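See structure below.
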Amino acid sequence: MIPVTPSISLDDSEVTFSFIRASGPGGQNVNKVATAVQLRFDARNSPALPEPVRTRLEKLAGSRLTLMGEIVLTANRFRTQERNRADAIERLVALIAKAAEPPPPTRRPTRPTRASKERRLTTKARRGTIKAGRGRPSGDD
């Protein structure tokens, strides 16, 4: 079992791993050893996820979500399969935990008070008189 939150834990059989060759620098080792990990988790059909968490998770996953509803994470930061595997699980758990957080409360629009409107208008009028006085002096001397 993979614990996510106190109420959500994933079964090990829900997560599948495949090992691929990592890209980037690494010399000959990178061409011989498949150290990068590709984690697949079927979010759409997972019995461990409640429906609201599932919908938020699909939105959060973005481009990592396939058309079939699977989340695909690729981990290749480390040089060993074990650390990359742990990193992929950690990222999946963080993603699901973020989806399990309750959504923020909806914003209620507020209206400005009468005093704030009056302050804004008096300041506006004051700035207007200052700017009006900046014109060229008249030649009435």
When you check residue 55 against the structure, is it surrounded by fewer than 18 Cβ atoms within 10 Å (Cβ to Cβ), of a type outside the set (A, V, I, L, M), in contact with a strand residue (DSSP E or B) (Cβ under 9 Å, 6 or more places away or on another chain) and free of Cβ contacts under 8 Å to residues at least 24 places away in the same chain, yes or no?
no
Looking at 126, 44, 77, 119 in this structure, which one is in contact with a Gly (Cβ under 6 Å, 6 or more places away or on another chain) and among the basic types (Lys, Arg)?
44
State all residues of the stretch 85-109 that are in contact with a Phe, Trp or Tyr (Cβ under 9 Å, 6 or more places away or on another chain) and open to solvent by 60 Å² or more (accessible area, probe 1.4 Å); if no residue qualifies, say none.
85
Selection count where residues are open to solvent by 70 Å² or more (accessible area, probe 1.4 Å), more than 21 Å from residue 21 (Cβ to Cβ) and not hydrophobic (A, V, I, L, M, F, W, C), scope the stretch 59-84
2
If I ask for residues that are open to solvent by 50 Å² or more (accessible area, probe 1.4 Å) and either part of a helix (DSSP H, G or I) or over 16 Å from residue 16 (Cα atoms) (or both), which ones from the stretch 30-52 would you list?
31, 32, 33, 50, 51, 52
I need the full set of residues from the stretch 35-44 which are modelled with pLDDT of 80 or more and over 15 Å from residue 2 (Cβ atoms), in order please.
36, 38
Could you give me the residue pairs with C-beta distances under 7 Å whose first residue belongs to the stretch 88-107 and is touching a residue at least 12 places away in the same chain (Cβ under 8 Å) and part of a helix (DSSP H, G or I), whose second residue is of a type in the set (Val, Ile, Thr) and open to solvent by 30 Å² or more (accessible area, probe 1.4 Å) wherever it lies, and which are 6+ apart or on separate chains?
97/5; 100/5
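The values are calculated or read from the model by the stated rules, or taken from the named source; none is laboratory data. Bear in mind the structure is a predicted one, so any value in this text is a computation, not a measurement. As a convention, Cβ positions derive from the backbone with ideal geometry for all residues, glycine included, and neighbour counts pool all protein chains shown. Protein only, heavy atoms only, side chains kept; ligands, DNA and RNA dropped before computing areas. Shrake-Rupley method; radii C 1.70, N 1.55, O 1.52, S 1.80 Å.
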